[in-house]
1. If packing is taken as the average count of other Cβ atoms within 10 Å, what order do 73-81, 6-14 fall into, highest mean first?
2. Could you name the lysines in cross-link range of residue 494, using Cα to Cα under 24 Å and dropping any fewer than eight places away on the same chain?
3. Could you list 326, 338, 369 in order of exposure, starting from the residue whose Cβ has the fewest other Cβ atoms within 10 Å?
4. Ranked by Cβ crowding within 10 angstrom, fewest neighbours first, how are 131, 98 ordered?
5. For the range 415-428, what does the Karplus curve 6.51 cos²θ - 1.76 cosθ + 1.60, with θ = phi - 60°, yield as ³J(HN,Hα) per residue in whole Hz, taken in order and with x for Gly and Pro?
6. Taking amide H atoms as placed 1.01 Å from N in the peptide plane, list the residues 5 or more away in sequence, or in a different chain, whose amide H sits under 5 Å from that of residue 138.
7. Amide H neighbours of residue 22 under 5 Å, at least 5 residues apart or on other chains, H built in the peptide plane: list them.
8. Quick one: what are the phi-derived ³J(HN,Hα) couplings along the range 216-232, Karplus 6.51/-1.76/1.60 with θ = phi - 60°, whole Hz, x for glycine and proline?
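Bear in mind these aren't lab numbers, they're just calculated from the coordinates by the rules spelled out. Being a predicted model, the structure only gives us computed values, none of them experimental. No Cβ is skipped: glycine too gets one built from the backbone with ideal geometry, and neighbour counts run over all protein chains shown.
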Amino acid sequence: MSPPLLSVEHLDVVYDGTISALSDVSLTVDEGQVVAVLGSNGAGKTSLLRAVSRALGSYGGAVTGGTVRFAGADLAGLDTAAVVARGLVQVPEGRRVFRDLTVEENLRAGGYTVRDARARAQARDRVFDLFPILAERRDQPGGLLSGGQQQMLAMGRALMVSPRLLLLDEPSLGLAPLLVDQIGEIITEINRQGTAVLLIEQNAVMGLRVADAASVLEVGRVTAAGSAAELAASDEVQERYLGVAVPVVATEPVLDQPAIPTAEPPQRLRVEGLTVRFGGITALSEVSFTVEPGTVHALIGPNGAGKSTLVNVLGGAYRATEGTVHYGDEELTALPAHRVAGLGVARTFQNISLALEDTVEDNLLVGRHRLMRAGVVSGAWRTPRVRREEREHRETVAGIAELLGIGHLLRTPVHTLAYGDRKRVEMGRALAARPSLLLLDEPVAGMTHGESQDMADTIRQVRRDLGLSIVLVEHDMPFVMGLAEQVTVLDFGKKIAEGTPAQVQRDPEVVRAYLGAAAA
C-alpha cells in the first residue's frame, strides 16, 4: 500500500515553552480523502493545522515531539513557503482576505508563486467555476463581499496553487445555514476534482456530512477516530456533543438562608420575543425563555447559534432589535451595561479577560469597584474610613478566593497561573460584585475533563453558598448535562428546544442540530 498523503504521528505542541496545546496526536489523510477534525474551542484544532503548515513559530509555538510527513517527506525544518511549494496550503480561520484588493487581485496574490501563466489561468478558471459569484464580482474589493463570499474567496485564493492537500480552518464559522450547506457542497466538489482536504470544524453536522473519516480532539488529545458514519453513531461523539452518557445530577436546592447571601435576592429572568439584527444579519430571532430564581439554566447550541449574542444582550453590551428582557420588575433591554450590573447582574467572558501582570487579589478587587464608596480625594488622604473600607473589601475577596479554591494564590501574578486557575479568577472577579444573577460564558472551554468536573463542583457550591441564579453558556455537553436544571437550545438564532437535560438529549431537533439528520 502507498503511504498516506499526510501522516501526523504522536505530535506534541507547546506554546511559550510551557503551555501544552497538543499531546500524542496522530492521524492520516490519504490521497483523495476528506478528513474532519472536530472539537470545541480550545481543543487544539488550529494548533494542529499550524503544526502541519509549519506556521507555529509565528504564534510562539513549537513541535516538541512526534513527526509530520507529507507525501512521505518529514516537514521538520521547512518553512511555510516551502510547504506551500510542495502542495500543502492552509485557509486560516476568519477568512483574512485582502480587503482593499479586488477579487481578481486576491486570487493573483494566491497564485503569485505559480510561474506558468497558463497554469495560473486554469486555476483561476477553476475557482470561478466553483464560485460563480466571485466571477461576477471579480472587480469588487474583497472587503465589500459578504461573510460567505469572503470565505469563498479565501478558499479560492488557496486553490490558485492547485494544492494536493487543502487545510480548512472552520470554514462554516458564523455563516447562515444555506451558506454552510453550500460550503459543504463546494468542499465535496473540490475533493471530487482531486484535492484532499483536512477540515477543522466545530460544526459536527457539516464536518461529518462531507468527510470520509474524522477524529475528535478534546483538550489537545484525540478521544475518538474512525469513519464519519461510525463517529456520528458512536457513544463518544454522542457524549461529546449531547452529553447523553452522563447521568443527570440533581442540583441541590438553594438554601432559604445562603451561607454568603447576595446583596439582593435573585429575581425571575424573563426573555420575551428577543430579536437581534446586525445590519441584514439576524443573530437572534424571537427567542423566549424564563430563568427561575436560584436555578442553573443552560443555553446550548452549535457554533454560531447565537448564544454569546444572547449573553451580551443580558449583560447590556448589545441592544435588542425587538423583544424585552426583564429581571424582576426591571427591563434590562432599556439599560446600559453599568446599570444592568447595578441590578446585580455579573458575567464572565468566553475569552479570559484579566490584568495578567496584576495579582489575583487585585483582579478580584476590580469586581468590587461598583461597591466602593471612597472617592478620589478621600482615597488619596487614606482616611480611617477609607482604610476600613479597603480592609473589608480585601476580606471579602479573600473569602471568595477560598470558596473558589484559589485562596493560596491571592498574592500571585495572574500571568503565572495555570489556565484553569485563571478561569477561576475570572469567575471570582464576577462574584466579587455580589451578583444575584451570574452569566457564565464557556467557563470550561479549553479545560481537561478532570478540570471541567472540578469546575462543575465549584459552580454547585457557589450556587448553594451564595444563593444566586446562573445562566450558563457552554459547548461541553457532559458538563452542562450534569449541572443544569433547565436547558434552552438555540440553532441559527432560533430556539429549537427547551426542557430538562434528559428531555433535550432525546429531542430529535437537538440531535439533528448537533450531529445531522442521519444521526437524528
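1. Order by mean packing, descending: 6-14, 73-81.
2. Once the sequence-local lysines are set aside, what remains near residue 494 is 307.
3. Fewest-to-most Cβ neighbours within 10 Å comes out as 338, 369, 326.
4. By the 10 Å Cβ count, ascending: 98, 131.
5. Working through the residues one at a time gives 5, 8, 7, 5, 4, x, 5, 5, 4, 5, 4, 5, 5, x Hz.
6. none
7. Correct list: 13.
8. These are the phi-based 3J(HN,Hα) values: 10, 9, 9, 6, x, 10, 7, 9, 7, 7, x, 5, 4, 5, 5, 5, 4 Hz.
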